[in-house]
Every structure is written in structure tokens, then in C-alpha cells.
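Visitor: Have a look at this one before I ask anything.
The values are calculated or read from the model by the stated rules, or taken from the named source; none is laboratory data. Fair warning: this is a prediction, and the values are worked out from it, not measured in the lab. Positions of Cβ are generated from backbone atoms using ideal geometry, with glycine treated the same way; all protein chains shown enter the neighbour counts. Note: areas computed on protein heavy atoms with side chains; ligands, DNA, RNA excluded. Shrake-Rupley method; radii C 1.70, N 1.55, O 1.52, S 1.80 Å.
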Amino acid sequence: GITYDKSEYTVTVTISDKGDGSLDVSHQVSGKGTSLDFSNNYEATGSLVLTGNKTLTGRNLRPGEFSFALYSGSTAEGTPLATVTNDSSGNFSFPAQIYTLDDLGRKTYTVIEQEGTLQGVTYDTGQYTVTVDISDQGDGKLVVSPTVTGKGEALNFTNSYEAAGSLTLTGSKSLIGR
């Protein structure tokens with residue numbers, strides 16, 4: 001919203017009769033300066049919280065076992081803005097991205113699942129691009145409009161689990177008494 005200037009001025013107006021049918025009017029300003037200047041400040045903010053879901057087929061999902069990264073830009077390169085893990089239901093949520101008037105326009109983010117080292121898990125290698133349009137309607141609140149593209153229109157990652165192993169049985173037979 002708007003922060004209004006709290007400046008106060010005193011204007012002293014002196015009126016005198018010039019004696020010729022006209023008046024002489026003069027003024028003097030006192031306060032912050034010699035002219036009546038008021039400066040109001042307008043600010044607007046907005047935010048975006050990106051959320052997604054992890055699905056694991058083949059076994060039950062455990063909280064915190066899969067990690068997701070949010071990058072600035074259209075590639076998953078450099079240092080992520082944030083890294084989060086899933087909860088027991090598979091949900092994950094990145095910290096809010098806060099926007100000001102300096103951010104008006106378009107921002108692009110990339111979201112990936114970071115490959116881990118769990119045995120038997122095939123990791124989702126897909127990535128999503130989130131395009132965020134930021135605009136100002138003049139009411140102090142920015143309009144933040146995200147569009148998700150990639151494997152779908154929501155940040156959903158699916159992994160599969162398959163147990164593998166082998167068992168070798170050995171034995172011997174003895175016949176006693178014959």
C-alpha cells in the first residue's frame with residue numbers, strides 16, 4: 001500500500017491593501033522546506049509457495065527419504081534456492097518466494113527430484129519448469145500467477161521400488177543304519 005508523507009508545513013499569508021484598489025498578497029512557508037513538497041511511498045508485495053507430491057510404488061513411503069530442489073532459471077544448474085524433503089504422505093513444500101515491485105514481470109524456476117542412493121529405487125528424472133508472472137494492480141498486493149510445465153501441470157514425482165535378492169539353499173542327506 002501507500003505510506004503517506006507526514007510532513008507538516010505552516011503557511012503564513014499576509015494580505016495588505018495597496019491603496020489603489022488592489023491587494024498585495026504574500027506567503028511564507030515554514031517547516032521542512034520553503035516549498036510544499038509531499039512524497040508518498042507506494043510498496044507492494046506478493047509471494048508464492050510451490051508444493052508437490054511424491055509417489056512411491058512397491059513399498060510404503062517414509063518421511064524425509066526423497067529430496068527436491070528449486071532452482072532459479074530454466075535449468076537445474078548451480079546452487080538451488082531451496083532443497084526440501086517429503087512428509088509421510090509424500091507432500092513437499094518449498095519456502096515462500098517473496099516478491100516486491102522490483103520483481104514485476106516474469107520469473108522462471110526449475111524443480112527436480114534429487115537422485116538418491118536407496119537400493120531398489122528407480123528415481124524420477126523428470127523436471128518441471130515453473131513460469132511466474134508478477135503484476136501490480138495498485139492495491140499493495142502483487143498478483144503472482146504460476147504456470148507449471150513439464151511432465152504435467154502439477155509438481156508430481158513417481159519412483160518405483162523393486163526388491164531384488166537371491167537365496168541359495170544347500171543341504172546334504174545322510175542315511176544312517178543301512
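Visitor: Identify, from the list Lys6, Lys18, the residue that is more than 30 Å from Gln137 (Cα to Cα) and among the basic types (Lys, Arg). Talk me through it step by step, then tell me what you get.
Guide: Values: Lys6 fails: more than 30 Å from Gln137 (Cα to Cα).
It is Lys18.
Visitor: All but one of (1) more than 30 Å from Glu162 (Cα to Cα); (2) exposed (fewer than 14 other Cβ atoms within 10 Å of the Cβ); (3) touching a Leu at 6+ places or on another chain (Cβ under 9 Å) hold for Ser89; which doesn't?
Guide: Every condition holds for Ser89 apart from (1).
Visitor: Quick one: in the stretch 98-122, of everything that is at pLDDT below 95 and closer than 17 Å to Ala69 by Cα, which residue is least open to solvent (accessible area, probe 1.4 Å)?
Guide: The extreme case among them is Gly116.
Visitor: Of all residues being in contact with a Gly (Cβ under 9 Å, 6 or more places away or on another chain) and in a strand (DSSP E or B) in the stretch 108-121, which is farthest from Gly52 (Cα to Cα)? Just the residue, please. Show your work before the answer.
Guide: Taking the stretch 108-121 as the starting set, the residues that turn out to be in contact with a Gly (Cβ under 9 Å, 6 or more places away or on another chain) are 108-113, 120-121.
Those still in the list that are in a strand (DSSP E or B) too: 108-113, 121.
On the way: Thr108: 17, Tyr109: 14, Thr110: 13, Val111: 10, Ile112: 11, Glu113: 11, Val121: 19 Å.
Per the stated criteria, the residue is Val121.
Visitor: Phe157 fails exactly one of the following numbered conditions: (1) assigned to a strand (DSSP E or B); (2) under 16 Å from the mean Cα position of the chain (by Cα). What is the number of that condition?
Guide: Condition not satisfied by Phe157: (2).
Visitor: Can you spot a residue in the stretch 126-136 that is in a loop (DSSP other than H, G, I, E, B) and either at positive phi or open to solvent by 50 Å² or more (accessible area, probe 1.4 Å) (or both)? Quick ask: steps written out before the conclusion?
Guide: Here is the first cut: in the stretch 126-136, the ones in a loop (DSSP other than H, G, I, E, B) are 126.
Now restrict to residues that are either at positive phi or open to solvent by 50 Å² or more (accessible area, probe 1.4 Å) (or both): none.
No, the stretch 126-136 has no match at all.
The rows are residues; the columns are (1) within 15 Å of the chain's Cα centre (by Cα); (2) at positive phi.
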| position | (1), (2) |
| --- | --- |
| Ser30 | no, no |
| Leu50 | yes, no |
| Lys54 | no, no |
| Gly58 | no, yes |
| Ser72 | yes, no |
| Glu77 | no, no |
| Asp87 | no, no |
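Visitor: Check whether at least one residue in the stretch 5-14 is within 22 Å of the chain's Cα centre (by Cα) and either surrounded by 12 or more Cβ atoms within 10 Å (Cβ to Cβ) or among the acidic types (Asp, Glu) (or both), and report yes or no. It would help to see each step written out before you state the result.
Guide: Keep residues of the stretch 5-14 that are within 22 Å of the chain's Cα centre (by Cα), which gives none.
No, the stretch 5-14 contains no residue that is within 22 Å of the chain's Cα centre (by Cα) and either surrounded by 12 or more Cβ atoms within 10 Å (Cβ to Cβ) or among the acidic types (Asp, Glu) (or both).
Visitor: With the requirement that a residue be over 30 Å from Gln137 (Cβ atoms), assigned to a strand (DSSP E or B) and either among the hydroxyl-bearing types (Ser, Thr, Tyr) or open to solvent by 90 Å² or more (accessible area, probe 1.4 Å) (or both), what does the stretch 26-46 give you?
Guide: Residues satisfying the conditions are Ser26, His27, Gln28, Ser30.
Visitor: So, Glu162, is that one over 28 Å from Ile98 (Cα atoms), of a type in the set (Asp, Glu) and surrounded by fewer than 13 Cβ atoms within 10 Å (Cβ to Cβ) or not? Steps first, answer last, please.
Guide: Numbers: over 28 Å from Ile98 (Cα atoms): yes; of a type in the set (Asp, Glu): yes; surrounded by fewer than 13 Cβ atoms within 10 Å (Cβ to Cβ): yes.
When the stated conditions are applied, Glu162 passes them.
Visitor: Within the stretch 141-152, does at least one residue satisfy the condition of being surrounded by 14 or more Cβ atoms within 10 Å (Cβ to Cβ) and assigned to a loop (DSSP other than H, G, I, E, B)?
Guide: Yes.
Visitor: Can you find, within the stretch 55-74, the residue that is surrounded by the fewest Cβ atoms within 10 Å (Cβ to Cβ) among those that are within 26 Å of Ser160 (Cβ to Cβ) and hydroxyl-bearing (Ser, Thr, Tyr)?
Guide: Filtering first and then ranking leaves Thr57.
Visitor: Residue under question is Pro95, and the condition is that it be assigned to a loop (DSSP other than H, G, I, E, B) and open to solvent by less than 60 Å² (accessible area, probe 1.4 Å); does it hold? So that I can check it myself, show each step before the final result.
Guide: Numbers: assigned to a loop (DSSP other than H, G, I, E, B): yes; open to solvent by less than 60 Å² (accessible area, probe 1.4 Å): no.
No, not satisfied.
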